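Structure first, then comments.
All of the numbers you see were taken from the coordinates with simple rules; none came from a lab. Predicted model, so just to flag it, every value in this text is computed and none were measured. Backbone-built Cβ (ideal geometry, glycine too); neighbour counts: all protein chains shown.
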Amino acid sequence: MNVQLVDSLIQVILSLSADEQLAITDKLLENIPYPSTQELMQFAQNGGCFDFLQDEPDIYTIEDGEPIA
């Protein structure tokens, strides 16, 4: 990696106006695909990050709290 080139580019970008920096950010990120809501739900479900909840006791019931109007 050309660290000197990267540092130079960063300095140039930081010297631009906020609008110009935003335009560069938009251009850099325009081709990055974002996961859909369905894909994010599948990641959360299959990824294991919530597995610890299986061991948690059910401490709330339908009678707890107040209904939302």
Only helical DSSP H runs with n ≥ 4 go in: add -39500 (n - 2.57) per run for the chain, normalise by residue count and round the 222 nm mean residue ellipticity to 500 deg cm²/dmol.
-16000 deg cm²/dmol
Across segment 13-21, in residue order, what do the Karplus-derived ³J(HN,Hα) couplings come to in whole Hz, using 6.51 cos²θ - 1.76 cosθ + 1.60 with θ = phi - 60° and x for Gly and Pro?
4, 5, 7, 7, 5, 4, 5, 5, 5
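Would you please name the chymotrypsin sites (Phe, Trp or Tyr not before Pro) within the chain that are DSSP coil residues with at most 14 other C-beta atoms within 10 Å of their C-beta?
Filter output for the chain: F50, Y60.
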Taking the radius of gyration and the Kirkwood hydrodynamic radius from Cα positions alone, what is the Rg/Rh ratio for the chain, to two decimal places?
1.30
